[in-house]
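Each remark here refers to the structure printed beneath this line.
Just so it is clear, none of the values below were taken in a lab; they were calculated from the coordinates. Small disclaimer: the values here were computed from a predicted structure and weren't measured. Note that we place each Cβ from the backbone using ideal geometry, even for glycine, and neighbour counts take in every protein chain shown.
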Amino acid sequence: MTKILEFEKPIVELYEKIEQLKALSKSGNIELEKEIQRIEKRAKKLKMDIYSNLSPHQIVQIARHPNRPDSSSLFRLICEKFIPLHGDRQFRDDPSIVGGIGTIKGQRVILIGHQKGHDTKENIYRNFGMPHPEGYRKALRLMEMAQKFSIPIVTFIDTPGAYPGLGAEERGQAEAIARNLREMSSMTVPIISFVIGEGGSGGALAIGVSNKLYMLEYSVYSVISPEGCASILFRDAKKADEASKSLKITSVDVMGLGIADGVIPEPMGGSHNDWKNLSKDMKKQIVSDLKNYKLIKPEAIRQERYKKFREMGEFQV
Amino acid sequence: MTKILEFEKPIVELYEKIEQLKALSKSGNIELEKEIQRIEKRAKKLKMDIYSNLSPHQIVQIARHPNRPDSSSLFRLICEKFIPLHGDRQFRDDPSIVGGIGTIKGQRVILIGHQKGHDTKENIYRNFGMPHPEGYRKALRLMEMAQKFSIPIVTFIDTPGAYPGLGAEERGQAEAIARNLREMSSMTVPIISFVIGEGGSGGALAIGVSNKLYMLEYSVYSVISPEGCASILFRDAKKADEASKSLKITSVDVMGLGIADGVIPEPMGGSHNDWKNLSKDMKKQIVSDLKNYKLIKPEAIRQERYKKFREMGEFQV
Amino acid sequence: MSIIDWFAKKQKAPSKAERLNIPGDLWIKCPSCSEVLFTKDLEVNYKVCNHCNFHFRLSPEERLLYLFDKNSFVESDSNLKPIDFLKFKDTQQYSSRIKNAQQKSKKHEAVTIGQASINNKMVNLAIMDFFFLGGSMGSVVGEKITKIIEAAVENQHPLIIFTMSGGARMQEGLLSLMQMAKTSSALALLSEKKVPYITVLCDPTTGGTSASFAMLGDIQIAEPGALISFAGPRVIEQTIRQKLPDGFQKSEFLLEHGMVDMVTSRPDLKEILFDLVTLLDPREEVKK
Amino acid sequence: MSIIDWFAKKQKAPSKAERLNIPGDLWIKCPSCSEVLFTKDLEVNYKVCNHCNFHFRLSPEERLLYLFDKNSFVESDSNLKPIDFLKFKDTQQYSSRIKNAQQKSKKHEAVTIGQASINNKMVNLAIMDFFFLGGSMGSVVGEKITKIIEAAVENQHPLIIFTMSGGARMQEGLLSLMQMAKTSSALALLSEKKVPYITVLCDPTTGGTSASFAMLGDIQIAEPGALISFAGPRVIEQTIRQKLPDGFQKSEFLLEHGMVDMVTSRPDLKEILFDLVTLLDPREEVKK
Ligand SMILES: [Zn+2]
Ligand SMILES: [Zn+2]
């Protein structure tokens, strides 16, 4: 069952009414038919109104929707062949980061992504998509394998952030993230990243130092969660709505900041009811990018990535 | 207080007697003086007899002597300047492996060694010189730093073996050792190793894939502890004596097998009463080797090491 | 060194795959679930119990049969033979231990190496044999493993090693330990050449074998339920003076602790191996 | 982001180094042991409490004074200034926060970079300043750190960075996060050039700063008692709903957990830094 978000309720209610009327209209009442058409029109308009005027805060809710497509499922939808790989070879296989090797239109790729669950049980197992250091170290191991065998890397970002817990601190969360940033920057294979849901701070960036970054239309990418920002800067946890506006975290905003290279359109209201079409568009993007990168020398691929991040920042000289 | 080994007792008793007589002879008794001289001669002969006929099992006891010089102390005796460095950057600083950077006759070196304690408290802290995986990972980190900055590596081996415990297995003891073996083999800086006490199996080798291996005269190096071998192969834990003979573990035997490149002589009966002279001889060896390796190209240093281990093994074609 | 466990088992426990007293060896009792299995069925099912997924130990010949293209295997260096260069004698001469093992196995040593194909994709191959002196690594095992690594460095075909070993061969003293360094050093060269290396960790893989080439695969696969460890369970129990938790040091435990990429049942193994060597091999890209 | 803690502290707690109400600020109370210290003594002792070894927080100027050769520092890129490009307004405009910080500190930003010498050995240097907006990393901090790394790539002198920062500067949104990638990428180039890089982690070093250039030193030194973490203690306590153990995320804890090479008291720091840059720099070898 798909969860209904607060702002979706008026639409859902209208459609429920339509269903009820349809059930009644089996008797062939023409007045009823007209009423149904009228309401259907209204529903369509309402949908358009609501979804084309979503606030950043509402987009955050879509980005966090429990039925939003997850990394593992997208790997399998996008790849013809996919073999999951596990482990950091040091401490633990972190279930909040998944990865593996596969083919996309025949082209070899290493895929890595944050992994959330779709229900409470799975979310607990996946730690709500919040990695420990061993998750980042697994990601790095796979990226190093990709580099070794000249395999392009594709990463899917979907995390509230790196896990803030005892074990994570003890085992060097900061070190793990920092190392990934440095090592990703020196890879000579292309790295293509998608923010597929929540791009939460350093925990997101740790697999996102890429040549190309795409935002799914209803994804967000932020230096801090709107809730965190609200309680720190606005001194009022309830001002998350306002904070999410100020932080410029939607796909369009992130494009505007020059950080994302493109936005992958989603069905109106988000992909949680249609993973398949989304995966097709993502695949198209990956295939096209990989084709381009085949023509570019490894060292130039690295330099492109370096240059991209080198230029980030706004200041006065 | 220095521990007295079983076979040292007759010698120690004679010297005690001499001391007693000397105390009495203050009165100037000529007969007593003669007696003292007689016993001193006998003690000297006995010492010679015992120490020049030590069984491998007795040498094992010397190698494990609680007052035997340890890695840290030798670093400080050998180096003009020494700065200890810590940590694997992932999990823990393992106190059973120590390391740091220093100078030996002005030449930069990275030093790494197993570290035992001299008393129970220190031994518990040092886990009796038995590393966990993080100890080997710390060693590797330091060796990689040495490689990065073209600094020669010196390692001191002194361990009963890698620690066989729950955490060690969980965190990949086998992986940590294996990785060190592979990575050490591809270093282009010279690696010089000394077995300073006990060279226990894979846990010793994990910091011992070196260009030059020296055995201190009373050190041992073995694929398994004599006790372990006795209880497995001889089916009698009490046959450690016999096992230690069969295994060929003394400095002379290890030279004979072509595994050690030299033996550093020790004072009769072992270095536990004279760390300083030992350190001088070790320093001399290191200085001389480093001088030679300065004339050899990095790639040739690596190839020399590869070739050395490549040729190890006895079989029939 | 969990070779200790191997010796201990050898002394006390009855053979694991306890054959029932029925003429013709038609039936066999699963040592894990005690189900009585029809030998022919078991062989058809890759020697995996279809009741509990227990993986029976295989000889090198069986692995070749189950996992590689028919008659594709070309063995190399089968002539290398161990020698008792230390004149090692415990309860028995090492030389006579060798002789017995050779007679029983009709092989010279505990590892078989060569080239074979898997769905027509050529690979370099080493298969260890626990039934030969506990799969222990002496000079010959180390030499043959090194030789097949060097062959892979030369011919650039992927390398697959099936590990199945109690550790170092004590009767060859320190030279057996040095095989760990020798094989691992050769793997450094292989890694530089970017030739894919896959290990399949079989029951058991412990001691000096696990702490060298067994743990250095680009991809590490474990057979279900295999004991994979540095120290053997008995040594650990003696050290920490408590019973080990269930499943400790088994394949699934290693997966959880990040040491292996997957635990793969034998019937799926051929396909997975084929996919992996194809996906990792940079030369496959060019072919297309 | 333990910038949270910084803000929280700012709101509720009185200034840590509580100045006593005595004319002329002659005396100061140690916030750790509550001992009353004579300001002059404290300054002579590197601003370290001689009763309990508490390390008072230093300004960049103080660090230069204590640790580097007199008048040797040549600053670069001091002209770079932050701008409020998102027009970020919380309880206050970001632009006015900047203005206030600049007025109080007489500096444009939370980091000072340049070259200095230490016992006549030239080094590249960045010193962060927690007193400037919690040492948070926005575009200018990221840019200046990157510039000094690039200078080191160019001039090959060792690089020392003193970190002292609550993390990313939220008011610059995602661009502040990207400074983590920018600085770390530059360090990859420095590492390839084999130029020694030493970090001195000062109180506090958290969030986006710790998870980028702060943790990437060849050698990592921590000042005693410094808070060094990814997540701040409050965030963790809120997440796990329990009090943190004493000393958690402090320098000594990080040493135990293998994250830093040493915890060094300020009076010993100059000598250690000199020794390390000399020992690590390959060009020193040639000189001899
Ligand atoms: Zn069964
Ligand atoms: Zn104090």
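Okay, here's what the table says:
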item	result
Where a label projected 7 Å from the Cα of C:Asn100 along Cα→Cβ would reach, residues of region C:128-148 with amide N under 17 Å	C:130-136
log₁₀ of I(q)/I(0) at q = 0.12, 0.14, 0.16 Å⁻¹ - chain B, Debye sum with one point per alpha carbon	-0.82, -1.07, -1.34
Reach of A:Lys116 by Cα under 19 Å, taken over lysines that are not fewer than 8 positions away in the same chain	A:Lys3, A:Lys138, A:Lys276
Loop-located GluC sites (Glu not before Pro) in region B:218-317, at most 11 other Cβ atoms within 10 Å (DSSP)	B:Glu311
Local net charge near C:His55, Cβ-Cβ under 11 Å (Lys/Arg +1, Asp/Glu -1)	+1
Cα point-scatterer Debye curve for region D:232-282, base-10 log of I(q)/I(0) at q = 0.13, 0.16, 0.17, 0.24 Å⁻¹	-0.50, -0.64, -0.68, -0.94
In order through region B:160-177: 3J(HN,Hα) via Karplus (6.51 cos²θ - 1.76 cosθ + 1.60), integer Hz, x for Gly, Pro	x, x, 5, 5, x, x, 4, x, 4, 5, 4, 8, x, 3, 4, 4, 5, 5
Gap separating the Cα centres of region D:144-175 and region B:243-264, nearest whole Å	53 Å
Charge dipole (debye, nearest 20) of region A:94-137; +1 at Cβ of Lys and Arg, -1 at Cβ of Asp and Glu	200 debye
Three-way shape call for region C:62-220 based on the alpha-carbon gyration tensor, with the a/c threshold at 1.5	prolate
For the protein assembly as shown, convex hull volume per residue from C-alpha positions, Å³	216 Å³
Net charge, D:Leu276 excluded, C-beta distance under 13 Å - Lys, Arg +1, Asp, Glu -1	-3
Of all DSSP beta bridges in region B:10-123, antiparallel share, percent nearest 5	100 percent
Tensor-based shape of chain D (alpha-carbon gyration tensor, a/c under 1.5 rounded, otherwise prolate or oblate)	rounded
Rg over Rh, two decimals, region B:6-53 (C-alpha only, Kirkwood Rh)	1.06
Per-residue ³J(HN,Hα) for region D:215-223, Karplus 6.51 cos²θ - 1.76 cosθ + 1.60, θ = phi - 60°, Hz, x for Gly and Pro	9, 10, x, 4, 10, 10, 10, 10, 6
Other-copy label distances relative to B:Lys291, 7 angstrom Cα-Cβ extension, nm	6.7
Loop sites in region C:137-239: trypsin sites (Lys or Arg not before Pro), DSSP, at most 14 other Cβ within 10 Å	C:Lys193
Shape category assigned to region B:87-183 from the gyration tensor of Cα positions, a/c cut at 1.5	oblate
Least to most buried among C:Thr206, C:Thr264 (fewest other Cβ within 10 Å first)	C:Thr264, C:Thr206
Position B:Gln316, label points 7 Å along Cα→Cβ, spacing to each other copy in nm (shortest first, one decimal)	8.8
Farthest positive-ward along region B:100-188 dipole, Cα basis, beta-carbon charges - from B:Gly117, B:Ala162, B:Thr188	B:Thr188
Residue order, fewest to most beta carbons within 10 Å, for A:Thr103, C:Thr183, A:Thr250	A:Thr103, A:Thr250, C:Thr183
Over region A:184-281, relative contact order from alpha-carbon pairs under 8 Å, at least 6 apart, %	25 percent
Neighbour-count ranking [beta-carbon atoms within 10 angstrom, fewest first] of D:Phe68, C:Phe131	C:Phe131, D:Phe68
In Å, descending, principal axis extents of the Cα set of region C:140-288	57, 35, 22
Whole-Hz couplings from phi, Karplus 6.51/-1.76/1.60, listed for region B:50-58; x for Gly and Pro	5, 6, 8, 10, 5, 7, x, 5, 5
Within-13-Å neighbourhood charge of C:Asp41 [Cβ basis; K, R +1; D, E -1]	0
Cys with no candidate disulfide partner in chain C (beta-carbon separation under 4.7 Å rule)	C:Cys202
Theoretical ellipticity at 222 nm over chain A - DSSP helices of four or more residues, -39500 (n - 2.57) apiece, nearest 500	-14500 deg cm²/dmol
